Amino acid sequence: MSQNVVNSLLDIFAAPFAVFSRIKDKSLSAWVPLLIMVSLSAAVTTWYFLTIDLYQFMEVSMLMSGQEASPEELNQILKAESVIRVSSAAIGSLSSLVIYIILALYFFLISLLVAENKTSYGQWLSVISWASLPSLLSLLSIGVSYALIVPEFSLIQALDKTSISALLGLTWEDKYFNVLSTATIGALWSYALYGIGFKVLTQCKPVTAVIVALVPVTIQFGLMSL
């Protein structure tokens, strides 16, 4: 691992402008942070779904979606327990990668409209990957919380003690639990970094960078609140 990458792993938390300047100069790629985030996310998600009490998980998940299943119906569903566990772990593991790819595409397309000097999709994937590193706080919180409660049951969203829902003491029965569970310290930090990264690479006005960074988070929270 090069000294440039090592420095960037520290700078993204303390001096993010330096990291995004390296990305602008094409001296820093996405691979290291992307590998860190995807592998750790996959490890935590897989651990959770392969060991959680699936009966309770399915029961609570259905109640949250406004459905109610009898014990007989749940037992019927759980006949495919292995498939449910593996597929849930796989989807959870790949979701972060898919989100990064979509976010990078969004910022790349917007940059074509506002940047005088054109940037590549790879540079925006680097911005998203490096700026997402604060989300390690959530993965760490989930991992530690889950280790402490096993074998008791908890939704994976409730394990992240850095979310607004956790700070407010909300439970899955509360109306805005799902929405506020995604509003974590790491996620909000990352969205701020997305805006900074957009400002550095495009040299746009600060207000433009703020608006561009707010669009995806607004859509995310809007969809989850439906």
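The values are calculated or read from the model by the stated rules, or taken from the named source; none is laboratory data. Keep in mind it's a predicted model, so treat the numbers as computed, not measured. Here Cβ is always computed from backbone atoms with ideal geometry, including for glycine, and neighbour counts include all displayed protein chains. With ligands, DNA and RNA removed, areas are computed over all heavy atoms of the protein, side chains included. Shrake-Rupley method; radii C 1.70, N 1.55, O 1.52, S 1.80 Å.
Here are some notes:
- Taking segment 101-173 as the region of interest, none of the helices (runs of 4 or more DSSP H) fully inside it holds 3 or more residues being touching a Cys at 6+ places or on another chain (Cβ under 9 Å) and either farther than 26 Å from PRO16 by Cβ or open to solvent by less than 40 Å² (accessible area, probe 1.4 Å) (or both).
- Checked against the criterion of being open to solvent by 70 Å² or more (accessible area, probe 1.4 Å) and in contact (Cβ under 8 Å) with a residue 24 or more places away in the chain, the candidates LEU10, LEU34, LEU50 yield just one match: LEU50.
- Matching option when the condition is among the polar types (S, T, N, Q) and either open to solvent by 50 Å² or more (accessible area, probe 1.4 Å) or at pLDDT 95 or above (or both), among SER41, SER65: SER65
- Here VAL207, VAL212 are screened, and the one residue that is open to solvent by 60 Å² or more (accessible area, probe 1.4 Å), among the hydrophobic types (A, V, I, L, M, F, W, C) and either over 18 Å from SER135 (Cβ atoms) or without any contact (Cβ under 8 Å) to a residue 40 or more places away in the chain (or both) is VAL207.
- If you go through segment 174-214 and keep only what is farther than 19 Å from LEU125 by Cβ, aliphatic (A, V, I, L, M) and either in a helix (DSSP H, G or I) or in contact with an Asp or Glu (Cβ under 6 Å, 6 or more places away or on another chain) (or both), you end up with VAL179, LEU180, ILE185, LEU188, VAL207, VAL210, ILE211, LEU214.
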